[in-house]
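Report on the following structure.
The values are calculated or read from the model by the stated rules, or taken from the named source; none is laboratory data. Keep in mind the model is a prediction, meaning the values are calculated, not measured. Quick reminder, even Gly has a Cβ in these numbers, built from the backbone with ideal geometry, and neighbours come from all protein chains shown. To get the accessible areas, we keep the full protein, side chains included, count just its heavy atoms, and leave off ligands, DNA and RNA. Shrake-Rupley method; radii C 1.70, N 1.55, O 1.52, S 1.80 Å.
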There are 2 protein chains.
Amino acid sequence: MAPSLEYYEEISHGALPIKSIPTKINGVEAVAGLQLDQTEKHDQVLKTFRAFIADQCQQFGGGHPGGAMGMAAIGIALYKYVMKYSPSNPSYFNRDRFVLSNGHTCLFQYLFMHLAGFKSLTVEQLKSYHSDRYDSLCPGHPEIENEGIEVTTGPLGQGVANAVGLAMATKHLGAVYNKPGHTVIDNMTWCMIGDACLQEGVGLEAVSLAGHWKLNNLAILYDNNNITCDGSADVACTENVNDKMRACGWNTIDVYDGDHNVTGIVQALLTARISQKPTFINIRTIIGIGSAASNSPKAHGAALGVEDIASLKKAWGLDPEQHFVIPDEVYNFFDDIVPRGRQLEADWSKTIDGYSNQYPELAAEYKLRVSGKMPLDWTKFIPSKEQLPTAPTSSRKSAGIVCNPLAENMSNFLIGTADLTPSVNMTYKKQVDFQSPDFVAACGMTGDYTGRYIHYGIREHAMCSISNGLVAFNKGTFLPVTSTFFMFYIYAAPAVRMAALQGLQQIHIATHDSIGTGEDGPTHQPIALPALYRSMPNVLYIRPCDGEEVAGAFVAAITATSTPTIISLSRQNLTQYPQHSSRDGVQKGAYTFIEEEDFDLTLLSTGSEMGFTVQTKELLQKEYNITARVVSFPCQRLFEQQSREYKESVLRYKSGKPVVAIEAYAPNGWERYADAAYSMKSFGKSLPGPVTYKYFGFEPKVMAPKISEFVQEVQREGIQSLRGEFRDLNGTMGYGVQH
Amino acid sequence: MAPSLEYYEEISHGALPIKSIPTKINGVEAVAGLQLDQTEKHDQVLKTFRAFIADQCQQFGGGHPGGAMGMAAIGIALYKYVMKYSPSNPSYFNRDRFVLSNGHTCLFQYLFMHLAGFKSLTVEQLKSYHSDRYDSLCPGHPEIENEGIEVTTGPLGQGVANAVGLAMATKHLGAVYNKPGHTVIDNMTWCMIGDACLQEGVGLEAVSLAGHWKLNNLAILYDNNNITCDGSADVACTENVNDKMRACGWNTIDVYDGDHNVTGIVQALLTARISQKPTFINIRTIIGIGSAASNSPKAHGAALGVEDIASLKKAWGLDPEQHFVIPDEVYNFFDDIVPRGRQLEADWSKTIDGYSNQYPELAAEYKLRVSGKMPLDWTKFIPSKEQLPTAPTSSRKSAGIVCNPLAENMSNFLIGTADLTPSVNMTYKKQVDFQSPDFVAACGMTGDYTGRYIHYGIREHAMCSISNGLVAFNKGTFLPVTSTFFMFYIYAAPAVRMAALQGLQQIHIATHDSIGTGEDGPTHQPIALPALYRSMPNVLYIRPCDGEEVAGAFVAAITATSTPTIISLSRQNLTQYPQHSSRDGVQKGAYTFIEEEDFDLTLLSTGSEMGFTVQTKELLQKEYNITARVVSFPCQRLFEQQSREYKESVLRYKSGKPVVAIEAYAPNGWERYADAAYSMKSFGKSLPGPVTYKYFGFEPKVMAPKISEFVQEVQREGIQSLRGEFRDLNGTMGYGVQH
């Protein structure tokens, strides 16, 4: 490190003086190339960068210039001096992770990546921002599919939680695999945010957890320009954010001239690297600096205008007639990044070699983890049908029976819960909690970073957004499991969606589904939520009817390596159907549960309503002389992937016999497969589970006559009469809370 | 007030000594009946209360006893001494509002309401908790339908935001209607919370806003028992909560012996009443106090057991053989509440009389507001079709044209935005912002509590949960409007659901819907969200296709006085169809847009895809000799409410001609009405809006041949062949982000 640094006098509030910061951290240079006389060079980079951003937005008259322009000095500090990464190999495993939580400022990231030498981001690509090019690598928010992007951000606040997940990943892998003298993983996570990420609840949930876990390998860089769309940010937020962060267990550092003070930002970043807590760096910047729209919402989400950009360039001594100009000196300034990155990789490879010699078994497992492969054959941990209980068992209990051995033995499984440990049955043998190693709870609980059981607190949204970060760290290295009541996955829906969009595998254990959950009442009884997850692209919503199907659901979830799966489970005991249920059937989404040669109708059902369905079938036969076949239909999306022939073999439309869906949810979506539904169209009610079912007409003696009537009508009028007349058979629907 | 109070020496940290608290606040006694020698009486109430709660959970072996038992002393302070309410008229307008945000402790509220004299809550009713009685007034979480319950809580965190809404309601009405010497409204809002409400993001969002707005008529009572389901609360939360609250602009008070120190709690509550900020009262209690399970998660969500309860009663000198015992002395202790409440009402009526004499016009309007009636005839502010633009106009702009005059003139309209003022077009003439009157933003913005334009910041969930509180204050007094991009209503979904469950009217302006929003990319383009809101009971999701339909959407939303409505709007300009579109049609959910005598198929569409649909109809005619009629289908729920005859007249199934739905969302739900859909099955893509449509095959020249092929197949195979074969016609589906 250049000794000249200690002469710098601008010390940011809370940051250590440069000379107090170790020149090496874990044996590696902490900062490279920072010298006393760089101010002019920085200035040239800042001007070039800002003018380029303005040009990018101007060419198609849209985009978000202001934030990216304001953050330019932060970018120099990060990309040139502090962040450890390798542009020629963006997936270098021990790279620092960078999350742009204020994703609309994506041009910041794209342009610095270009300057740093990420090959795919050519000037032509930079110009494709907001263009009609299908192959653009510069979408309006960063997308994980593109080289060098760690995670897709967009909807605000979640990036903070993603960053917490990324930092946890490092802490956990380091605790498990690092050995004295062999640091195989120790990267930092840098999370860039704007005002919104500190206003959105999910960001605040994640902040609280990062402080609790003492994730000192995490730093938030707050682009504090005090401007949001509505005006100055204080229009809706006047809290003392530093005090708040400190109250949450964070180290805080102020940087006042964040527009130019590259060295001050470097100091702050280096202080973060050696902090004992996560670090919050509060950097004052000016949005759209240099523009006439600077320091106003106008600079946020619109092009600045030709004249404004010309005058801005003139003021900076740039040629207003020229666009997208990057002088050689600016490129040269970043010339050392690629070789430095290669050196980092080479050093790390050497570290891994030494580690492999000394700890061959651990290193072999580590390499599997790095490669994204399961450390063991998981199939052997899934119990066979014979090993499952035959007595009535709740499917949440079945989920425990299936998942606990996986959790115990598979080092990639991270089990989390939003404070429902006693309800979700996810605890396992030899469980260690993920906690800071010096932590002792009032109740005596302890843990350390090797722990794979995560207490997320009552923070469902952060739980799932953090899980996204855990997976994004390196696809396949972790398989996070989250757990809470199904209803509360409505809080987490924005995160489940982002997982689906990014192809991030995880398993969500959603217990207490349907009105069967009982006494907690309508606020806890999901009605419409399945319709969301069944229609959401790339999500498997699986609702198994017994232990065998629960096993099948886990097989499907583990097999779907680029898909989040929600396994929807009962609170109450369910009849087990070892004669009928099939884990292989689950893989196909639906399958024939009880076949009949000659039949009058097909009943299809899922989860905890299967019991009513089978009983209703029996009653229909006995009392109404109606023969029903039964289909178990745990997952619509998996069924959609089957062949036309298979679908027909299950639903047997060609028979001309009607199909009735039985499920205590809103019927929406079953219209694709059935002619009628016995379902719910109101919210639920607070009653004991079995009584709730009864209240809403889920009783064979109530269901059978309704279905019989329908079958007779079809026999009378012909199956064709049903077109455009999907029938809601549950006459008790609407008994619930009505207005 | 009893002078003896000042002798009390237990002063809670941060609370004023009793003698420093004014005996009267706004001319009314601040506390009634608190005397020096009450400790024994309190003790008897506490024991009686706690034993009763234990009995309630024991009878059916379930429920949540621990929290309610721990909070007993808080209940005495509130219900006996400080809270202003009238059990004989629970809807007395100027009552203090009480929100039980930790709703699982509902027995706390039910039993104190019983003791205070709420007639409907008999002992028999108290015993119906967790019973199979359909008419129980004691559901597992408090429900707004029941007398004396201000708001339905359940999913945690939202109660805090509801309470913020309730407090805002008072501030606003007070600022508009109170006059010197005539305080017609000045109630407090007391919000009881547990740990979860401080962990959930929505609670934290609301806390930040309450501090910003200086809602000094709001107090949070934190039942700090440091126990959650997973163990001690510090297992997942070790922040300094008082510091955090102070950083957010709150006054904080500690009460250390919250199990017994009724006077200390009273002091804290009275201090809150005269604070200049919202007040956070951090009350240490012991969950399940007296039980062997006390201070452990076991006391949270299960009955304590017969033996434990017997031993608890013995220790307290109660008869273990007796259950549900409330001695006369305990009833007598609360005897003054009903007459005190009547007196409050009488005083208030007198105030209103005096006010009516001096300010007759204002009083007349106020009385309308109190009665829940609109202050003016709103229909006159809705522009006629002739007044609407005929040039292409985005539907978000149309929404502004329709809503702005309503906002300007209707004093019950409260317009809010989650920091998207420049995008959602909801600003209006003579707008005043809702702000603390002493507030001046850095950008110069000011406001006061009369303001009806609310900057919620980037906090969608709090925005909608707060709106629920605003409506719950008194149904019909306010009609909150919220606004943000449609995609971000996934963050607010838990709150929209609670509004639907409670029948709380509001209008959600959801702009930038569908892939048409363009460059921001897939993170901002909703695909599955409509399926959630279309299946959610008691929600109107309306997607108008032009300005006339936007007017119709507002008419429907304002008419639906017990229903939240989401109006889904385009970012981009849309062709206007004054020849075809109909506001009356919107009221029926769907209507014939373009009729044809002889036709080959029916096309149905919504919103911004109507333009493609009409163009495709024309192309089908011209190039394929296929005649299509067109149906506009802005709202599935409204259509469901129509007669079978009307439905047939719109969709004309009996013709035997196929129906094709065209919408750039997931097809789920259209299967009820259509035989095929041209829709989206993947997430979107970052491209300019028109190019995104093109990328996903939403172009007449791509759509027409696909639809023509389908029509020919139906003509060949017969309409019956379609059963069980719902067709996804968009072959380009799945071009998007795939894994």
Problem - Out of A:ALA272, A:ALA292, sole residue that is more than 9 Å from chain B (Cβ to nearest Cβ) and either part of a loop (DSSP other than H, G, I, E, B) or among the acidic types (Asp, Glu) (or both) - result: A:ALA292
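To keep it simple, each residue is scored yes or no on (1) among the acidic types (Asp, Glu); (2) without any contact (Cβ under 8 Å) to a residue 12 or more places away in the chain; (3) out of contact with any Asp or Glu (no Cβ under 6 Å at 6 or more places or on another chain).
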{"residue": "B:GLY201", "(1), (2), (3)": "no, no, no"}
{"residue": "B:GLU205", "(1), (2), (3)": "yes, no, yes"}
{"residue": "B:ASP243", "(1), (2), (3)": "yes, yes, yes"}
{"residue": "B:VAL262", "(1), (2), (3)": "no, no, yes"}
{"residue": "B:ALA268", "(1), (2), (3)": "no, no, yes"}
{"residue": "B:PRO278", "(1), (2), (3)": "no, no, yes"}
Handout entry: Any hit, the range A:627-636, residues being at negative phi and surrounded by fewer than 19 Cβ atoms within 10 Å (Cβ to Cβ)
Key = yes
Problem - In the range B:679-714, residue farthest from A:TYR134 (Cα to Cα) [restricted to those that are in contact (Cβ under 8 Å) with a residue 40 or more places away in the chain and of a type in the set (S, T, N, Q)] - result: B:SER708
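Yes/no matrix, rows are residues, columns are (1) modelled with pLDDT of 95 or more; (2) open to solvent by 10 Å² or more (accessible area, probe 1.4 Å); (3) outside any strand (DSSP E or B); (4) within 14 Å of chain B (Cβ to nearest Cβ):
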{"position": "A:PHE118", "(1), (2), (3), (4)": "yes, yes, yes, no"}
{"position": "A:LEU126", "(1), (2), (3), (4)": "yes, no, yes, no"}
{"position": "A:TYR134", "(1), (2), (3), (4)": "yes, yes, yes, yes"}
{"position": "A:HIS141", "(1), (2), (3), (4)": "yes, no, yes, yes"}
{"position": "A:ILE144", "(1), (2), (3), (4)": "yes, yes, yes, yes"}
{"position": "A:VAL164", "(1), (2), (3), (4)": "yes, no, yes, yes"}
{"position": "A:ASN187", "(1), (2), (3), (4)": "yes, no, yes, no"}
{"position": "A:VAL207", "(1), (2), (3), (4)": "yes, no, yes, yes"}
{"position": "A:LYS214", "(1), (2), (3), (4)": "yes, yes, yes, yes"}
Problem - Residue match in the range A:717-729 (condition: touching a helix residue (DSSP H, G or I) at 6+ places or on another chain (Cβ under 6 Å), among the polar types (S, T, N, Q) and crowded, with 19+ Cβ neighbours inside 10 Å) - result: no
Exercise for the section: Would you confirm whether any residue within the range A:508-522 is open to solvent by 10 Å² or more (accessible area, probe 1.4 Å), within 8 Å of another protein chain (Cβ to nearest Cβ) and either without any contact (Cβ under 8 Å) to a residue 12 or more places away in the chain or in a helix (DSSP H, G or I) (or both)? Expected result: no
Practice task
Taking only the range B:42-62 into account, find how many residues are buried (at least 24 other Cβ atoms within 10 Å of the Cβ) and part of a loop (DSSP other than H, G, I, E, B).
Solution key: 0
Completion exercise
When A:THR421 is run through (1) more than 21 Å from A:LEU569 (Cβ to Cβ); (2) among the β-branched types (Val, Ile, Thr); (3) in contact (Cβ under 8 Å) with a residue 24 or more places away in the chain; (4) within 13 Å of chain B (Cβ to nearest Cβ), the failure sits at (1)
Handout entry: Options A:PHE698, A:PHE710; residue that is of a type in the set (Phe, Trp, Tyr), assigned to a helix (DSSP H, G or I), open to solvent by less than 10 Å² (accessible area, probe 1.4 Å) and assigned by TED's automatic domain parsing to the domain that holds A:GLU623
Key = A:PHE710
Handout entry: Only listed residue being out of contact with any Lys or Arg (no Cβ under 9 Å at 6 or more places or on another chain) and assigned by TED's automatic domain parsing to the domain that holds A:GLY103, chosen from A:ASN178, A:ASN226
Key = A:ASN178
Exercise for the section: Exactly one condition in (1) at pLDDT 95 or above; (2) open to solvent by less than 10 Å² (accessible area, probe 1.4 Å); (3) within 27 Å of A:ALA196 (Cβ to Cβ) is not met by A:GLY154; state its number. Expected result: (1)
Completion exercise
Note on B:GLY148: of the conditions (1) under 19 Å from the mean Cα position of the chain (by Cα); (2) open to solvent by less than 10 Å² (accessible area, probe 1.4 Å), unmet is (2)
Practice task
Among the residues of the range A:668-679, count how many are part of a loop (DSSP other than H, G, I, E, B), under 25 Å from A:GLY521 (Cβ atoms) and more than 8 Å from chain B (Cβ to nearest Cβ).
Solution key: 1
Practice task
Test A:LYS350 against the criterion of being exposed (fewer than 13 other Cβ atoms within 10 Å of the Cβ) and away from every other protein chain (no Cβ under 14 Å), and give yes or no.
Solution key: yes
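Condition check ((1) open to solvent by less than 10 Å² (accessible area, probe 1.4 Å); (2) away from every other protein chain (no Cβ under 14 Å); (3) among the polar types (S, T, N, Q)) across all residues:
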residue: A:ASN538; (1), (2), (3): no, no, yes
residue: A:ARG543; (1), (2), (3): yes, yes, no
residue: A:SER581; (1), (2), (3): yes, yes, yes
residue: A:ASP584; (1), (2), (3): no, yes, no
residue: A:THR592; (1), (2), (3): no, yes, yes
Handout entry: Number of the condition not met by B:GLU321 [criteria: (1) assigned to a helix (DSSP H, G or I); (2) free of Cβ contacts under 8 Å to residues at least 24 places away in the same chain]
Key = (1)
Fill in the blank from the handout: Of those in the range B:495-507 that are in a loop (DSSP other than H, G, I, E, B) and more than 7 Å from every other protein chain (Cβ to nearest Cβ), the residue least open to solvent (accessible area, probe 1.4 Å) is B:LEU504
Practice task
Go through the residues of the range B:63-74 one by one and say whether even a single one is assigned to a loop (DSSP other than H, G, I, E, B), assigned by TED's automatic domain parsing to the domain that holds B:ASP186 and open to solvent by 10 Å² or more (accessible area, probe 1.4 Å).
Solution key: yes
Problem - Options B:ARG583, B:ARG629, B:ARG637: the member that is outside the structural domain of B:MET703 (by TED's automatic domain parsing), over 22 Å from B:TYR693 (Cα atoms) and basic (Lys, Arg) - result: B:ARG583
Problem - Matching residues, the range B:552-578, being open to solvent by 10 Å² or more (accessible area, probe 1.4 Å) and either free of Cβ contacts under 8 Å to residues at least 12 places away in the same chain or within 14 Å of chain A (Cβ to nearest Cβ) (or both) - result: B:THR559, B:ALA560, B:THR561, B:SER562, B:THR563, B:ARG571, B:GLN572
Exercise for the section: Keeping to the range A:383-398, report how many residues are within 26 Å of the chain's Cα centre (by Cα) and within 13 Å of A:VAL555 (Cβ to Cβ). Expected result: 0
Handout entry: Any pair with Cβ under 7 angstrom, 6 or more apart, that starts in the range B:366-382 at a residue that is on the phi < 0 side of the Ramachandran plot and ends at one that is of a type in the set (Gly, Ala, Ser)
Key = B:LYS373/B:GLY476; B:PRO375/B:SER411; B:ILE382/B:ALA551
Exercise for the section: For residues that are hydroxyl-bearing (Ser, Thr, Tyr) and in a helix (DSSP H, G or I), scanning just the range B:641-664, find the one that is surrounded by the fewest Cβ atoms within 10 Å (Cβ to Cβ). Expected result: B:SER649
Handout entry: Residue in the range A:224-247 that is farthest from the other protein chains (Cβ to nearest Cβ), counting only those that are under 26 Å from the mean Cα position of the chain (by Cα), surrounded by 24 or more Cβ atoms within 10 Å (Cβ to Cβ) and closer than 19 Å to A:SER101 by Cα
Key = A:MET245
